[in-house]
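Asker: Take a look at this one; I'll ask things after.
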Amino acid sequence: MFYFFDTDTVFFTVGRQAVSYLEVLCTLAGLVCIVLAMRARVANFWLGYLYNMLLFPLFLQKGLYASMLLQPVGFAITLIGHYRWTHPRKGEENRRHGLKITRLGARAWIATLLVAGALTVGIGLAISNLHRWIPDMRPAQQPFLDSFILTAILTAQWLSAQKKLDCWAAWMTVNVVNTIRYPFGGLLFLALESGCKIGIASFGFLHWRKTWKAERNT
């Protein structure tokens with residue numbers, strides 16, 4: 001059964017790109033997760049846990065170390081988001097007793113971007129030297145691009161955990177960049193998934209904005 005978790009075990013090929021069983025499982029879990037998030041369904045967190053666990057070995061074997069290291073952190077943020085959505089503080093409840101959708105202020109956005117920029121540089125420098133510190137590891141692919149995606153995903157996940165409408169801008173950035181860069185890392189099927197997520201994120205933003213406007217007046 002472990003061949004499902006080996007990126008060297010080919011499920012099928014697209015052109016000259018091999019697609020593993022693990023990559024297919026990741027793609028399906030990721031798409032279902034974002035569709036549920038688009039609908040603001042709490043069930044998206046259960047798929048999110050599975051998605052994090054599947055992506056860790058996939059990125060490890062592809063040498064995308066920043067994305068690999070993101071998964072445990074992402075898992076923790078998913079736990080926080082799950083709790084926040086189902087246990088809102090007083091004054092944050094919507095009509096279904098869940099967490100209301102809100103927006104970030106200008107100062108919060110500036111602070112978020114400054115922290116993300118610092119993390120991108122710091123993590124990029126660290127993972128570009130990771131193979132020197134751990135000789136058995138292959139050199140990292142696209143270390144600074146990978147670290148940019150890592151910080152963008154962390155930003156998107158944290159904003160999603162707080163049910164901020166602004167999270168969709170971060171998710172859109174992540175998916176556009178991933179659609180372009182995944183094929184260079186040998187992850188064609190995940191590139192197709194990211195392309196699909198661009199459309200889903202657009203609908204997610206529209207749905208959340210409509211709900212935000214309705215909840216703002218309650």
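The values are calculated or read from the model by the stated rules, or taken from the named source; none is laboratory data. All values reported here derive from a predicted model rather than from experimental measurement. All Cβ positions, even for glycine, are placed from backbone atoms using ideal geometry, and neighbour counts span all protein chains on display.
Asker: Those residues that are modelled with pLDDT of 85 or more and part of a loop (DSSP other than H, G, I, E, B), I need them from the range 90-124; list them, please. Please lay out each step first, then the result.
Answerer: Of the residues in the range 90-124, the ones modelled with pLDDT of 85 or more are 99-122.
The answer is 100, 101, 103, 104, 105.
Asker: A follow-up question, please. Residues of the range 157-188 being surrounded by fewer than 21 Cβ atoms within 10 Å (Cβ to Cβ), within 11 Å of the chain's Cα centre (by Cα) and within 17 Å of residue 42 (Cα to Cα), which ones?
Answerer: Scanning the range 157-188 gives a single hit, 158.
Asker: Another question, then. I'm trying to understand the selection: among the residues of the range 79-124, which are free of Cβ contacts under 8 Å to residues at least 12 places away in the same chain and of a type in the set (Ser, Thr, Tyr)?
Answerer: Correct list: 83 only.
Asker: If you scan the range 172-190, which residues turn out to be touching a residue at least 60 places away in the same chain (Cβ under 8 Å) and out of contact with any Phe, Trp or Tyr (no Cβ under 8 Å at 6 or more places or on another chain)? Let's see the steps before the verdict.
Answerer: Residues of the range 172-190 that are touching a residue at least 60 places away in the same chain (Cβ under 8 Å), as a first pass: 183, 185-190.
Passing the criteria: 183, 185, 186, 187, 189.
Asker: May I ask you to verify whether residue 135 is touching a Gly at 6+ places or on another chain (Cβ under 8 Å) and either more than 20 Å from residue 76 (Cα to Cα) or of a type in the set (D, E, K, R) (or both)? Please lay out each step first, then the result.
Answerer: Working: touching a Gly at 6+ places or on another chain (Cβ under 8 Å): no; either more than 20 Å from residue 76 (Cα to Cα) or of a type in the set (D, E, K, R) (or both): yes.
Judged against the criteria, residue 135 is not a match.
Asker: Considering the range 27-49 alone, what residues qualify as being without any contact (Cβ under 8 Å) to a residue 12 or more places away in the chain and either on the phi > 0 side of the Ramachandran plot or hydrophobic (A, V, I, L, M, F, W, C) (or both)? Break it down stepwise before answering.
Answerer: Of the range 27-49, the ones without any contact (Cβ under 8 Å) to a residue 12 or more places away in the chain are 28, 36, 41, 43-44, 46.
Within the range 27-49, 28, 36, 43, 46 qualify.
Asker: Could you grab me the full set of residues in the range 168-217 that are farther than 23 Å from residue 25 by Cβ, of a type in the set (S, T, N, Q) and part of a helix (DSSP H, G or I)?
Answerer: If the condition is that a residue be farther than 23 Å from residue 25 by Cβ, of a type in the set (S, T, N, Q) and part of a helix (DSSP H, G or I), then 173, 202, 211 are the ones that fit.
Asker: Continuing with the same structure: Only residues that are surrounded by fewer than 17 Cβ atoms within 10 Å (Cβ to Cβ) and free of Cβ contacts under 8 Å to residues at least 24 places away in the same chain: list them for the range 57-78, please.
Answerer: Across the range 57-78, the qualifying residues are 60, 72, 76.
Asker: State which residue pairs qualify: first residue free of Cβ contacts under 8 Å to residues at least 24 places away in the same chain and inside the range 191-218, second residue of a type outside the set (Asp, Glu) and surrounded by 15 or more Cβ atoms within 10 Å (Cβ to Cβ) in any location, beta carbons under 6 Å apart, and separation of 6 or more residues or different chains.
Answerer: Sorted first by the residue in the range 191-218, then by its partner, the pairs are 191/179; 191/182; 191/183; 194/175; 194/178; 194/179; 195/179.
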